[in-house]
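Some notes on the structure that comes next.
Values in this text are rule-based calculations from the coordinates and carry no lab data. All values reported here derive from a predicted model rather than from experimental measurement.
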């Protein structure tokens, strides 16, 4: 089984619950945004590495790992990247900006490097994975694939069997596109953590020849799954941290 998660947003309780449910998947992929909003950014980064999750970079990962570099003399951070980070930060609402500043201040240098080194796109096992939508760096980080345009855009831009995106926090399975929903901050009025499982289908065409003509197909068996977790613990942690707005905890109970 392949598993795809997305938008953990520093919610350690939700991430632990989903990883327990996934169990011994052959591969786990993440469509970005490990950090942002929630109270446990370092622990979530470390848990992702511990479980060998293959992850692309999301807009919150990019901003939270680089915000302190925007006005620095860091020669490894280009003017183009400074402008992109500044623009992505300014596009956030007040609560998201506050959480991004706090996350940037508490992330360890090791975890900042981990987030900065994540690719913007992964193509493996018949999956093409980005956080936002295929295209430029800015599009891969911060553009939405929404229901009204998905069928046309997915048909034009899919490289593998399935295009996997995150960012909207809304689970979808439409044509050859999958959004696994959000582990740590669902926005479809369902508070339970969301992820997608993809079971392998093996087809054997023994009548073609005596040789083993077996083909692996992952595009047909996709399930969106919802997992309960102790949301009260995450809410309590947020309320105990004065630099994270309480609203980011309150919303978790209603899936908004």
Open item on the list: For the chain, take the longest principal axis of its alpha carbons; what is the angle in degrees between that and the long axis of helix 94-106, to the nearest 10 within 0 to 90?
Closed with: 90 degrees
TODO: Among 164, 18, 183, determine the one that fluctuates most according to a GNM of the chain built with springs between C-alpha atoms less than 10 Å apart.
DONE: 18
TODO: Go ahead and set up a Gaussian network model of the chain, Cα springs under 10 Å, then flag whichever of 73, 33, 188 fluctuates most.
DONE: 73
Open item on the list: Whole percent per 5 Å bin, from 0 to the bin with the longest distance: what is P(r) over all C-alpha pairs of the chain?
Closed with: 1, 6, 14, 18, 19, 16, 11, 7, 3, 2, 1, 1, 0, 0
TODO: Multiply the residue separation of residue 94 and residue 46 by 0.36 nm, subtract the distance between their alpha-carbon atoms, and state the gained length in nm to one decimal.
DONE: 14.5 nm
Task: Nearest 10 degrees, 0 to 90: helix 147-157 Cα axis against the chain principal axis - done: 60 degrees
Open item on the list: Checking the a/c ratio against 1.5 first, then a/b against b/c, what shape does the Cα gyration tensor give for the range 89-135?
Closed with: oblate
- [ ] Quick one: compute the contact order of the chain, relative version, from alpha carbon pairs under 8 angstrom and 6+ residues apart, as a percent.
- [x] 23 percent
Open item on the list: How long are the semi-axes of the equivalent ellipsoid of the range 51-138, defined as square roots of 5 times the Cα gyration tensor eigenvalues? Whole Å, largest first.
Closed with: 22, 15, 14
TODO: Provide the percentage of antiparallel DSSP beta bridges, counting only those with both residues in the range 2-253; round to the nearest 5.
DONE: 65 percent
